[in-house]
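Read the figures in this text as sums done on the coordinates, not as results from a lab. Since the model is a prediction, treat every value here as computed from it, not as a measurement. Cβ atoms come from the backbone with ideal geometry, glycine included; neighbour counts cover every protein chain shown.
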C-alpha cells in the first residue's frame, strides 16, 4: 500500500513575502486570489482563508510588513537627533535607492499599490492614503522644525516647500517604474535640495551687519 507523504508545511513569512512581490508589481485589484495562492506554494483555498481571512486582510498584513522593512527608508523623517535637512536628505536618497532597486518591484508600494480601485475596495485605497498622509505630515514637520530653530527662513517659498518635497517623493514612483536608475534619481534629489539651501537662514548675518 502506497504511503502518503507528509503534507508540505505552510511558511507564513515566505507566503507574505510572495504576496508582497505580487501586490507591489501589479497593485491590489489586478492581483487575483489564484495568483496569490499559486505564489504562496499552491496552497488550497481553505489554507488561504484559514491563514489570512481574506484578500484585503492579507493586503493589510503585507503593508505592515512593507512598512517594517522597505518602508524604513522613511524613518529619518521622525528622527529628531538629525537636523531637519539631514532627515529629509536621508529619506529622499534612501527612498530613491530603494524604489529603483531591481531586487524587487520598482516604485513605492504605498504610492502605487491601490491607485485605481473600484468603489468596493475603497478601504484599501483609504489605507494607503493614510500612509501617504503620514509621509506628508513627516515632511512638513521637518520643514516647520527647521523654521522654528532658525535653519530656514519663514517665507512663502518655505511655506510651499513641504508640498514640493512631497510631490517629488511621490513622483519618484513613476520615474522608477519607467526605468530611471538610482544615480539619476539621486542627482535629482541633489538639485531639489538646492531649494532648501537657497532659503536657509544665513547664520551670523545680523552680527556682521551690526559691526558695520
Between helix 122-148 and the chain: long-axis angle, C-alpha atoms, 0 to 90°, nearest 10: 20
The chain: angle of helix 156-177 to the longest principal axis, Cα-based, in degrees nearest 10: 30
Rg/Rg_ref, the stretch 73-199, where Rg_ref = 2.2 N^0.38 Å and atoms are Cα: 1.09
Efficiency of FRET between residue 116 and residue 194 - r from beta-carbon atoms, R0 30 angstrom, step 0.05: 0.30
Rounded FRET efficiency, nearest 0.05, which uses the C-beta distance separating residue 57 from residue 141 and R0 of 45 Å: 0.90
Label-to-label distance, nm, for residues given as residue 47 and residue 21 (7 Å Cα→Cβ offset): 1.7
The chain: relative contact order as a whole-number percent, Cα under 8 Å and 6+ apart: 21
Over the chain: helical MRE at 222 nm, DSSP H runs n ≥ 4 each giving -39500 (n - 2.57), nearest 500: -20500 deg cm²/dmol
Förster-model FRET efficiency, 41 Å R0, residue 104 and residue 155, C-beta, rounded to 0.05: 0.55
Angstrom value of the Kirkwood radius, inverse mean 1/r, which spans all Cα pairs in the chain: 19.5
Angle between the chain longest axis and helix 182-192 axis [Cα atoms, degrees, rounded to 10]: 30
Stokes-Einstein diffusion coefficient of the stretch 12-66, Kirkwood radius over Cα pairs, 10 °C, 1.306 mPa s, in µm²/s: 147
Percentage relative contact order, the stretch 12-66, counting C-alpha pairs under 8 Å, at least six apart: 47
Normalised contact order of the stretch 73-199, rounded percent, pairs of Cα under 8 Å and 6 or more residues apart: 34
